[in-house]
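Written out below as structure tokens is the structure these notes cover.
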Amino acid sequence: MVVARSWTWARLAPYAYVLPATAIVVMFVMFPIAYSFYLSLLSWDFIRPVPAYVGLENYRRLLADPDIRRALEHTLAYTAGTVPLSAALGLAVAALLNRPLRTRGLFRTAFFAPTVTSTVAMSVVWAWIYHPQVGLMNTLLRALGLPALGWLSDPRTALLALVVMSAWKGLGYDMVLFLAGLQGIPPELEDAAAIDGATRAQAFWRVMLPLLSPTTLFVLIISTVDAIQVFTQVSLMTDGGPAGATDVLVYSLWRHAFQTFEMGYASALAWVVFLILLVLTAAQMRFFKDAVSGAEAAR
Amino acid sequence: MTRRPADPTPSVPVRGRHAARRARRWIADRAVYGVLAVSAAAMLLPFFWMLSTSLDAPADVFRTPPVWLPRTRAGRTTWRPCAPRRSAASS
């Protein structure tokens, strides 16, 4: 009797242990994801008690919506600007800091500070920096004798202004990842390159950078996922304007969900954003496949 | 630290080459420091601007070029709500 009970307990105990965590993940992560797909098949304004089932109508409408097409273009342009810019600058800083400088900690802090600061606070500060009359950017341009720009108030520069701000905010994170990656490369490999007669630049481009490709892949995937979902900066600095010039997918999603109360349409848009990310991530992994397996073999 | 510029009297050609290499390395290190210092300062500029604006008198907030260090003691007015005990005493 006692034996039988302890046997049952031994079988069931692990499930009891993971139950609380599982319950939280199911309730707050998996259920909302599944529910958002269900919602994307409905036409629902939050208020009507019985939503109307419309099948794939929301998705059909999305594909034909010129505003969504425009938001997609802006999102891709923003991503294509922000991701390479912050990755390249982060890599450059990491390469410069990957040597025994006495002030390395100080520099690392300076470059990492924007990453750990609230995006909301920094959006407010940068909205001031971009102010056409009293902003720092235009003060700087005037001091250099260049014509002042409208920045956030000019449809031609607003997206660029957001890209610059986001690269400033993101490069510290990329730098930390690249620095960790560079320090994980055995120093013998760089020494061997030097003995073989490579200059420091050659050693970096031909030896260090290929060996860094697992880190590079990680940085690119993480920052692409982040950039495609950009919302805070847009919401606080431009409201998607001027004249819709910075309307991005997630901002559009938020407007449809919480301003025009089209929950079904917004949920469908969320799934489209997810599919875009899935395709982009798969493409990045495919593109880096050979480089990553080469780097892992060399270690 | 202990890095010095080129050996002043390079007699043997090999030593001369070493010295020239050390000098180049020294210059490169200074250049790296310079680039890092300038870009780190640029990264921190928005933080400094935020701090300086929080200390400005309301009229100085809109001044161009920006007032980097508070010109009056008006900054204390800006910060007073953060020190409730003192404002309670003065009112």
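The values are calculated or read from the model by the stated rules, or taken from the named source; none is laboratory data. Just so it is clear, the structure is predicted and the values come from calculations on it, not from any experiment. Glycine gets a Cβ as well: all are built from the backbone with ideal geometry, and neighbour counts include every protein chain shown. Accessible surface areas use protein heavy atoms only, side chains included; no ligands, DNA or RNA. Shrake-Rupley method; radii C 1.70, N 1.55, O 1.52, S 1.80 Å.
Structure values in brief
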{"item": "Ranked order, A:PHE37, A:PHE31 - accessible area, probe 1.4 Å, largest first", "result": "A:PHE31, A:PHE37"}
{"item": "Under the span-like rule (Cα at least 24 Å along the axis, Kyte-Doolittle mean at least 1.0), DSSP H helices of chain A", "result": "A:158-183, A:263-298"}
{"item": "A:ASP45 accessible area, 1.4 Å probe, all protein chains in place, Å² to nearest 10", "result": "50"}
{"item": "Rounded percent of accessible protein surface that carbon and sulfur make up, region A:167-278, 1.4 Å probe", "result": "66"}
{"item": "Radius of gyration, Dmax [region A:5-139; alpha carbons; angstrom]", "result": "25.3, 78"}
{"item": "Expected-Rg normalisation [2.2 N^0.38 Å, Cα atoms] applied to chain A", "result": "1.28"}
{"item": "Chain A: relative contact order in percent, alpha carbon pairs under 8 Å with at least 6 residues between", "result": "27"}
{"item": "Accessible surface, 1.4 Å probe, highest first, among residues A:TYR173, A:TYR130", "result": "A:TYR173, A:TYR130"}
{"item": "Charge-dipole axis of chain A as Lys and Arg at +1 and Asp and Glu at -1 on Cβ define it, positive-most pick from A:PRO187, A:PRO49, A:SER123", "result": "A:PRO187"}
{"item": "Efficiency of FRET from Cβ geometry, A:ALA34 and B:TYR33, R₀ 51 Å, rounded to 0.05", "result": "0.40"}
{"item": "Shielding by partners - mean other protein chain Cβ count within 10 Å, residues of B:43-55", "result": "4"}
{"item": "GNM result for chain A, Cα springs below 10 Å: residue of A:VAL26, A:VAL93, A:VAL273 fluctuating most strongly", "result": "A:VAL26"}
{"item": "Residue-level accessible surface for A:TRP271, protein heavy atoms, 1.4 Å, Å²", "result": "60"}
{"item": "Listed residues A:VAL207, A:VAL234, A:VAL25, most fluctuating in chain A (Gaussian network, C-alpha, under 10 Å)", "result": "A:VAL25"}
{"item": "Per-residue mean of C-beta atoms belonging to partner chains within 10 Å, peptide A:96-103", "result": "3"}
{"item": "Residues with amide H under 5 Å from that of A:LEU42, placed H, sequence gap 5 or more", "result": "A:VAL54"}
{"item": "Distance (nanometres) between label positions extended 7 Å along Cα→Cβ at A:ARG206 and A:VAL134", "result": "5.6"}
{"item": "Fraction of accessible area attributable to carbon and sulfur, region A:119-159 (%, probe 1.4 Å)", "result": "70"}
{"item": "Residues of region A:27-99: accessible area per residue with a 1.4 Å probe, Å²", "result": "59"}
{"item": "Buried area at the A-B interface (accessible, heavy atoms, 1.4 Å probe, summed, Å²)", "result": "2200"}
